[in-house]
Amino acid sequence: MIQLSHITKSFRSGRGQVKAIADVTLSVDTGRFAAIEGVSGSGKSTLLHCIGGLETPDRGEVFCFGTSIYRLTAAKLSLFQRRHLGFIFQRGNLLSYLTVAENIGLPLTLNGIAGTARAKRIEALLADIDLKPAAMALPHELSGGEIQRVSVARAIAHHPKLLLADEPTASLDTATGQRVVQLMRDLGKDYGCTIIMATHDRDIADTADPVIGLKDGQVVTDS
Ligand code: ADP
Ligand code: MG
């Protein structure tokens with residue numbers, strides 16, 4: 001289970017102090033596909049970053065499968081992230097100088113999975129995302145939807161326990177976006193991931209359960 005307890009995060013900016021997340025308490029059961037839904041600026045990215053240990057909250061605690069991640073040492077937190085976390089960004093963030101297969105293999109290399117095991121896993125993922133012929137392509141040769149499918153494969157390659165997706169469909173048309181979400185759902189199920197996806201798109205959010213509504217950094221609905 002993922003549990004957030006009284007998470008608060010403010011930023012100091014040119015506009016003064018901005019409270020991005022204000023006292024958020026919530027939980028997502030293991031194996032669920034949850035959505036955090038809210039308009040731009042509601043705090044979705046900040047909340048995801050706090051859940052994944054990418055941004056330290058000012059107050060509160062995050063438990064990932066029983067581990068209070070902000071009580072870990074920096075070294076243990078990065079080990080936890082490398083092993084158990086997958087992250088999908090709005091525009092993929094693939095490494096432009098690596099091929100599709102190399103991008104997918106990156107988290108495997110980081111986790112010490114090499115040789116035949118690595119090659120087999122990459123091949124299976126390329127089949128999962130229906131992009132076998134693109135194994136040697138570079139990211140700039142792919143469409144937006146293809147980039148996101150590779151991003152899903154890369155995020156899930158090391159079989160993380162938690163998959164965080166920050167508006168993974170925001171740069172895609174509706175049909176392509178739905179396909180990417182379905183792929184995330186299917187692969188998440190196959191590999192036993194808990195998924196938390198941020199989105200401003202209510203139709204996309206409604207395919208998830210639970211849907212956690214966020215407004216001005218606070219939870220407004222939790223279904
Ligand atoms: P969303 O992802 O829902 O669009 P964000 O979490 O990105 O929302 O932002 C929530 C609020 O926090 C916004 O007002 C935003 O301007 C502010 N914010 C986010 N990150 C930073 C930062 N690094 N520095 C200053 N303000 C930030
Ligand atoms: Mg955002």
Taking every DSSP beta bridge that has both residues in the chain, what percent is antiparallel when rounded to the nearest 5?
55
Filter the cross-link list LYS44/LYS132; LYS120/LYS161; LYS9/LYS76; LYS120/LYS189; LYS76/LYS189; LYS9/LYS215 down to pairs whose alpha-carbon distance in this structure exceeds 25 Å.
LYS44/LYS132; LYS76/LYS189
Note on the range 2-222: contact order normalised by length, alpha-carbon pairs under 8 Å, 6 or more apart, percent, works out to 31
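Do any chymotrypsin sites (Phe, Trp or Tyr not before Pro) in the range 75-158 lie in a loop, going by DSSP, with at most 13 other beta-carbon atoms within 10 Å of their beta carbon, and if so which?
Values: sites: PHE80, PHE87, PHE89, TYR97; in loops: PHE89, TYR97.
Sparse-neighbourhood loop chymotrypsin sites (Phe, Trp or Tyr not before Pro): TYR97.
Which order do you get for PHE63, PHE33 if you rank them by accessible area with a 1.4 Å probe, largest at the top? Kindly include the intermediate steps, with their values, before the conclusion.
On the way: PHE63 60, PHE33 15 Å².
Final ranking, largest accessible area leading: PHE63, PHE33.
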Can you list the HN-Hα couplings for the range 89-97, worked out from phi with the Karplus curve (6.51, -1.76, 1.60; θ = phi - 60°), rounded to whole Hz and with x for Gly and Pro?
9, 4, 10, x, 6, 6, 7, 5, 8
Output ³J(HN,Hα) for the range 100-109: one whole-Hz value per residue in order, computed from phi by the Karplus curve 6.51 cos²θ - 1.76 cosθ + 1.60 with θ = phi - 60°, and x for Gly and Pro.
3, 4, 5, 4, 5, x, 4, x, 5, 4
Round to a whole angstrom and tell me the spacing of the C-alpha centers of the range 148-223 and the range 96-130.
21
Note down the accessible area of HIS200, probe 1.4 Å, to the nearest 10 Å².
100
For ALA165, what residues show an amide H to amide H distance below 5 Å, using hydrogens built from the backbone and excluding near sequence neighbours?
ILE88, ILE196, MET197, ALA198
With runs of 4+ DSSP H residues as the only contributors, calculate the mean residue ellipticity of the chain at 222 nm using -39,500 (n - 2.57) per run, divided by the residue total and rounded to the nearest 500.
-11000 deg cm²/dmol
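Using a 1.4 angstrom probe on the protein heavy atoms only, line up LEU106, LEU162 by accessible area, largest first.
Values: LEU106 55, LEU162 5 Å².
Ranked list, largest accessible area first: LEU106, LEU162.
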Give me the Kirkwood hydrodynamic radius of the chain, using the inverse of the mean 1/r over all pairs of distinct Cα atoms, in Å to one decimal.
17.8
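Relative contact order for the range 27-151: what is it in percent, counting Cα pairs under 8 Å that are at least 6 residues apart? The partial results should precede the final answer.
Working: 87 pairs, mean separation 27.9, N = 125.
Computed value for the range 27-151: 22 percent relative contact order.
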Can you compute the label reach from ALA135? Point 7 Å from Cα along the Cβ direction, backbone N cut-off under 14 Å, restricted to the range 75-116.
99-105, 115-116
At 7 Å along Cα-to-Cβ for each site, give me the label-to-label distance between ASP23 and MET1 in nm.
2.2
Can you work out the Karplus-derived ³J(HN,Hα) for every residue in the range 173-187? Use 6.51 cos²θ - 1.76 cosθ + 1.60 with θ = phi - 60°, whole Hz, and x for glycine or proline.
6, 4, 5, 5, x, 5, 5, 5, 5, 4, 4, 4, 5, 5, 5
Rounded to the nearest 10 Å², the 1.4 Å probe accessible area of VAL39 is 100
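With a 1.4 Å probe and all protein chains left in place, how much of the accessible area of the range 93-136 comes from carbon and sulfur atoms, in whole percent? Spell out each step's value before the answer.
Details: 1440 of 2410 Å².
Here carbon and sulfur together make up 59 percent of the probe-accessible area.
The values are calculated or read from the model by the stated rules, or taken from the named source; none is laboratory data. These numbers come from a predicted model, not from an experiment. A quick note on method: Cβ atoms are made from the backbone with ideal geometry, for glycine too, and the neighbour counts reach across all protein chains shown. Areas reflect the complete protein model, heavy atoms only, side chains present, ligands, DNA and RNA absent. Shrake-Rupley method; radii C 1.70, N 1.55, O 1.52, S 1.80 Å.
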